[in-house]
1. Please tell me the relative contact order of the chain in percent, rounded to the nearest whole number, where contacts are Cα pairs under 8 Å and at least six residues apart.
2. To the nearest 10 square angstrom, what accessible area does residue 74 show with a 1.4 Å probe?
3. Would you mind checking the tilt of helix 147-161 against the longest principal axis of the Cα atoms of the chain, expressed as 0 to 90 degrees and rounded to 10?
4. Of all the accessible heavy-atom surface of the chain, with the other protein chains kept in place and a 1.4 Å probe, what percent is carbon and sulfur?
5. Sequence gap of 8 or more, or different chains, plus Cα separation below 18 Å: how many lysine pairs satisfy both in the chain?
6. Quick check for you: with a 1.4 Å probe and neighbouring chains kept, what is the accessible area per residue of the stretch 145-198, in Å²?
7. How would you classify the stretch 104-203 from its alpha-carbon gyration tensor, with a ≥ b ≥ c the square roots of the eigenvalues: rounded for a/c under 1.5, else prolate if a/b is greater than b/c, otherwise oblate?
Amino acid sequence: MNTLVKQTWAGLRVLLVLTVLLGVLYPLSVWAIARIPGLEGNAEGSLVTQNGQAVGSSLIGVDPVPADPAHDPWFHTRPSALAKDALGPGDPSTSGASNKGPYNEDLVKTIGERKDAIAKREGVTPDQVPPDAVTASGSGLDPAISVAYAELQAPRVARNTGLPLDRVKQLIEQNTGGAGIGVPGVTVLPLNLAVRAAAGGAH
């Protein structure tokens, strides 16, 4: 009986110690480290604010939804594999790939639907749609698109915002970076914010 009591008491002490260490001290230390200047932005989701309001994240791509799809003034991100529709906006709180291979019939069909929808939206032929416009990334939340996809969207954005096409292309160039690996990429959120500012904030 004494052995059982000793073992029970030892188990309770281990439980108490681990609860304090892993349930209290560890979370508090992670929270405190996340408040160190320079790390706080990443810990809070790298929020982009404008006039004191959060308008998005610099690391998470969220596809904008136009108020009037027939007069769409926005640049769009890559599609999300988790979206309900072929080009529907994904849920930024959920990340993941489709895990479908290149010969999967459903994936091939979805890519064809995306290509046709984008070609119709941009007023081009399907063969002019770049690959990243119709394929989802591993996360489905890429904040950047290829220069080719941005340039494909430029005429529509110019037409629906009233900005000169040359000005829109200039904004694309200003928001083009190396995407961290030396491959040119256009970050969609700051580009859309720049377009809105240039158009007088009407969109």
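1. Numbers: 254 pairs, mean separation 35.9, N = 203.
Worked out over the chain, it gives 18 percent.
2. 40 Å²
3. Helix 147-161 sits roughly 70 degrees off the main axis of the chain.
4. For the chain, the apolar C and S fraction of the accessible surface comes to 60 percent.
5. 6
6. 46 Å²
7. oblate
The values are calculated or read from the model by the stated rules, or taken from the named source; none is laboratory data. Predicted model only: the values in this text are computed from it and were never measured. SASA here: full protein model, heavy atoms, side chains in, ligands and nucleic acids out. Shrake-Rupley method; radii C 1.70, N 1.55, O 1.52, S 1.80 Å.
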